[in-house]
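Step one of this worksheet: look at the structure below.
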Amino acid sequence: MDNGSARIRVPKTSELVADQIRAQIVRGELTEGDSLPPEGTLMTTLGISRPTLREAFRILEAENLISVVRGSRSGARVHQPSTELVSRYAGYVLEAQGTTIADLYAARLAIEPTVVRWLATAKGQTPGFAKLKQVLADLDAMLKAEAYAEFVDNVSPFHQTLVEATGNKTLSFMNRMLLNLGRHHQNDYQRRHPRTTEDKYKSLRAGFKSFEKLVTLIEEGDVEGAVSHWRLHLRNANETWAARGEGERTVDSLHG
C-alpha cells in the first residue's frame with residue numbers, strides 16, 4: 001500500500017451550498033437581479049446553520065455572483081457571470097506572466113483576419129453583421145460632429161462587434177480580453193505622445209475609411225480582398241502601438 005498517496009479532500013458544507021447556488025446562476029435558473037430567499041428560509045430548506053450559509057455567501061460574493069447588503073431582509077441579490085470581470089482577471093494573469101505588447105498585438109493579428117474571412121465568405125449574412133454596420137454609422141456621425149474623443153472610445157467596440165458578428169462566443173470572449181488590454185496601452189501611449197487636433201482628425205478619418213472599406217468588401221463577398229485589407233490595417237496599426245520601445249513593454253492590466 002502506498003502510504004504516500006494524497007488524501008482525498010472532502011468539501012466543506014459551505015462549499016457544497018455555494019456549488020448548488022452557483023450552478024443555479026450559471027444554468028440561468030437564477031438571473032441578474034433576482035433575490036435569494038431570506039437566510040432563515042435557506043437555512044431551513046438546506047438544513048444548515050447560519051455560519052455555514054454565510055460562509056457560502058462569502059464564497060459567492062468573492063466570485064461576484066451575489067451581493068449581500070448587511071442587515072437587509074430581502075436576501076442576497078444575484079449577478080450573472082461577468083465577461084468584464086473574467087477578462088480583467090485574465091489580464092492580471094497575462095501581466096504576471098510578463099506578456100508583452102508585441103505578443104498581445106500578434107494575437108489580435110491572428111484572430112481578426114480569420115474572422116473577416118468567415119464574414120466575407122458569408123457576404124455579411126450573419127445575425128450580428130447588422131450591428132457592425134450600425135457601429136460604423138455611429139462612428140461616421142461622431143466624426144462629422146467632430147466628437148473625436150467619443151470616436152476614439154468607440155474604435156474598440158467596432159473591433160469587438162466585428163468578432164461578435166461571427167456568433168462565435170469563444171473568440172468574442174478572447175477578443176474582448178485582448179481589446180481591454182490593448183486599450184489600456186493605447187491610452188497610455190497617447191498620453192505619452194500627444195498630437196495636434198488636426199493630426200488626430202486625419203488619423204481618425206483614415207481609420208474610418210478603412211473600416212468602411214472593410215464592411216464593403218465583406219458585403220461584396222471579396223474574401224481575399226477583405227482579408228488582405230484588414231491584415232494590412234492591423235499591421236499598420238501595430239507599427240504604431242507595438243513599435244520599437246513599445247512592443248517590449250509588459251501589458252498593463254491595472255490602469256485604464
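Can we say Val135 is of a type in the set (Val, Ile, Thr), closer than 20 Å to Thr166 by Cα and either in the same structural domain as Pro38 (by TED's automatic domain parsing) or assigned to a helix (DSSP H, G or I) (or both)? Yes.
Gly47 falls short on exactly one of the conditions (1) in contact with a helix residue (DSSP H, G or I) (Cβ under 8 Å, 6 or more places away or on another chain); (2) more than 30 Å from Phe173 (Cβ to Cβ), and that condition is (1).
Taken together, the residues in the range 56-114 that are assigned to a loop (DSSP other than H, G, I, E, B) and of a type outside the set (Ser, Thr, Tyr) amount to 15. Quickly run through the range 175-219 and pick out the residues that are closer than 23 Å to Glu84 by Cβ and modelled with pLDDT of 90 or more. Passing the criteria: only Asn175. When restricted to residues that are closer than 17 Å to Thr114 by Cβ and surrounded by fewer than 18 Cβ atoms within 10 Å (Cβ to Cβ), the range 220-233 contains 7.
Can you tell me which residue is surrounded by the most Cβ atoms within 10 Å (Cβ to Cβ) among those in the range 182-204 that are under 24 Å from Ser253 (Cβ atoms) and of a type in the set (Lys, Arg)? Among residues in the range 182-204 that are under 24 Å from Ser253 (Cβ atoms) and of a type in the set (Lys, Arg), the one surrounded by the most Cβ atoms within 10 Å (Cβ to Cβ) is Arg183. All told, Leu65 meets the bar of being within 29 Å of Asn175 (Cβ to Cβ), among the hydrophobic types (A, V, I, L, M, F, W, C) and in contact with a strand residue (DSSP E or B) (Cβ under 8 Å, 6 or more places away or on another chain).
Given the criteria crowded, with 17+ Cβ neighbours inside 10 Å and in the same structural domain as Ala165 (by TED's automatic domain parsing), does Val251 qualify?
Details: crowded, with 17+ Cβ neighbours inside 10 Å: yes; in the same structural domain as Ala165 (by TED's automatic domain parsing): no.
No.
Quick grid of which residues meet (1) of a type in the set (Lys, Arg); (2) under 19 Å from the mean Cα position of the chain (by Cα):
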| position | (1), (2) |
| --- | --- |
| Ala106 | no, yes |
| Arg117 | yes, no |
| Gln125 | no, no |
| Phe129 | no, yes |
| Val155 | no, yes |
| Thr161 | no, yes |
| Thr170 | no, yes |
| Pro194 | no, no |
| Asp199 | no, no |
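Filter the range 130-168 down to the residues that are among the aromatic types (Phe, Trp, Tyr) and either buried (at least 18 other Cβ atoms within 10 Å of the Cβ) or in contact with a strand residue (DSSP E or B) (Cβ under 7 Å, 6 or more places away or on another chain) (or both), then identify the one that is modelled with the lowest pLDDT.
Step one: of the range 130-168, the residues among the aromatic types (Phe, Trp, Tyr) are 148, 151, 158.
Next, from what is left, pick out any that are either buried (at least 18 other Cβ atoms within 10 Å of the Cβ) or in contact with a strand residue (DSSP E or B) (Cβ under 7 Å, 6 or more places away or on another chain) (or both): 151, 158.
Working: Phe151: 92, Phe158: 96.
Selected residue: Phe151.
Residue pairs whose Cβ atoms lie under 7 Å apart, sitting 6 or more positions apart in sequence or on different chains, and linking a residue in the range 117-129 that is closer than 11 Å to Val163 by Cα to a partner that is charged (D, E, K, R), are Gly128/Glu164.
The values are calculated or read from the model by the stated rules, or taken from the named source; none is laboratory data. In this text, all values refer to a predicted model and were calculated from it rather than measured experimentally. Using ideal geometry, Cβ is built from the backbone for each residue, glycine included, and neighbour counts are taken over all protein chains shown.
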